[in-house]
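Q: A single structure is presented below for examination.
Please treat every number below as a calculation from the coordinates, not as lab data. Bear in mind that the values here come from a model prediction, so they are computed numbers and not experimental data. We place every Cβ from the backbone using ideal geometry, glycine too, and count neighbours over all the protein chains shown.
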Amino acid sequence: MEFLESLNQSLFLLINADPAASAWRIHAALLAANALILLLPGVMAAAWLWGNEAQRGLMLKALASIAVALGASYLCGVLWPHPRPFAVGLGHAFFPHRPTASFPSNHTIIIATFAFALILDRQRAAWGWLALAGAALVGTSRVYLGVHFPLDIAGGLLLAPVAAAITIPLWRRAGAPLTAAAQGLYRKALALPIARGWIRA
């Protein structure tokens with residue numbers, strides 16, 4: 001365990017930005033670390049509003065997978081409340097962050113779980129691999145900016161496919177009725193824009 005922690009800290013110090021780093025690199029990393037994840041709800045909403053029933057079911061399955069992943073992340077934080085680098089005086093943090101448990105990275109696990117939900121669906125695998133690359137970029141940026149350790153990112157990337165795989169058998173049983181119920185509510189709540197052709201029924 002001591003060896004793993006030592007490796008974790010050494011890798012962190014290799015990746016973490018120096019205060020002398022150029023402003024454009026810091027700003028680019030901040031954009032990747034904090035803004036890329038905001039694309040995810042937009043992508044999911046677009047797939048629902050203009051997609052077909054299969055795409056809507058996939059988005060709901062991805063959402064369920066993310067819920068499972070975040071549940072696992074919470075348990076990890078409770079059982080092993082590993083501090084963030086700045087909480088132990090290591091490296092340099094380039095934006096303020098609460099000193100919550102570091103492992104695993106929730107930003108990474110959310111995007112990576114969405115990615116694996118698409119990859120395991122197979123028909124959307126190419127988009128899933130693209131999303132997974134985005135998850136790795138977000139995670140690496142958060143290490144670069146000093147708010148996560150490398151193993152936090154690795155943990156998120158490893159837990160994500162497990163969460164997506166756990167959800168599959170559950171979704172086979174409950175997915176169709178849940179999707180039908182959600183579509184029914186959606187069609188009632190947004191009947192006017194559907195009737196005008198702005199979004200898909």
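Q: Suppose the chain between ARG122 and ILE166 were pulled fully straight at 0.36 nm per residue; how much longer would it get relative to their current alpha carbon spacing?
A: Numbers: separation 44, 0.36 × 44 = 15.84 nm, distance 1.63 nm.
The span from ARG122 to ILE166 would gain 14.2 nm if fully extended.
Q: In nanometres, what is the gap between the two model label sites at ALA23 and ILE199, each 7 Å from Cα along Cα-to-Cβ?
A: A separation of 4.1 nm, rounded to one decimal place.
Q: Please turn the phi angles of the stretch 105-122 into ³J(HN,Hα) values with the Karplus equation 6.51 cos²θ - 1.76 cosθ + 1.60 (θ = phi - 60°), one per residue in order, whole Hz, x for glycine and proline.
A: 6, 5, 4, 5, 5, 5, 5, 5, 5, 4, 4, 6, 4, 6, 4, 6, 6, 6
Q: Okay, moving on. Using Cα atoms only, what is the angle between the long axis of helix 39-50 and the major principal axis of the chain, expressed in degrees (0 to 90) to the nearest 10?
A: It works out to around 10 degrees.
Q: Same structure again: Hey, fewest Cβ within 10 Å first, where do TYR186, TYR74 land in order?
A: Working: TYR186 17, TYR74 12.
Fewest-to-most Cβ neighbours within 10 Å comes out as TYR74, TYR186.
Q: For the stretch 139-154, what does the Karplus curve 6.51 cos²θ - 1.76 cosθ + 1.60, with θ = phi - 60°, yield as ³J(HN,Hα) per residue in whole Hz, taken in order and with x for Gly and Pro?
A: x, 4, 5, 6, 6, 4, 8, x, 10, 9, 8, x, 5, 5, 6, 4
Q: Take ALA54 and LEU130, extend 7 Å from each Cα along the Cα→Cβ direction, and tell me the distance between the two endpoints in nm.
A: 1.8
Q: Shifting gears a bit: When only Cα pairs under 8 Å and 6 or more residues apart are kept, what is the percent relative contact order across the chain? Present the calculation step by step, with values, prior to reporting the outcome.
A: Working: 255 pairs, mean separation 58.5, N = 201.
This gives 29 percent for the chain.
Q: Separate question: Could you work out the Kirkwood radius for the chain, taking every pair of different alpha carbons, averaging 1/r and inverting it, reported in Å?
A: Numbers: mean 1/r = 0.0550 Å⁻¹.
After inverting the mean inverse Cα-Cα distance, the result is 18.2 Å.
Q: Another question about this same structure. Given GLN9, LEU63, TRP80, which one lies farthest toward the positive end of the charge dipole of the chain, if we put +1 on the Cβ of every Lys and Arg and -1 on the Cβ of every Asp and Glu?
A: Of the options given, the answer is LEU63.
Q: Could you size up the charge dipole of the chain around its Cα centre, putting +1 on the beta carbon of Lys and Arg and -1 on that of Asp and Glu, and report it in debye to the nearest 20? The partial results should precede the final answer.
A: Working: 14 positive and 6 negative charges, 201 e Å.
So the dipole magnitude of the chain works out to roughly 960 debye.
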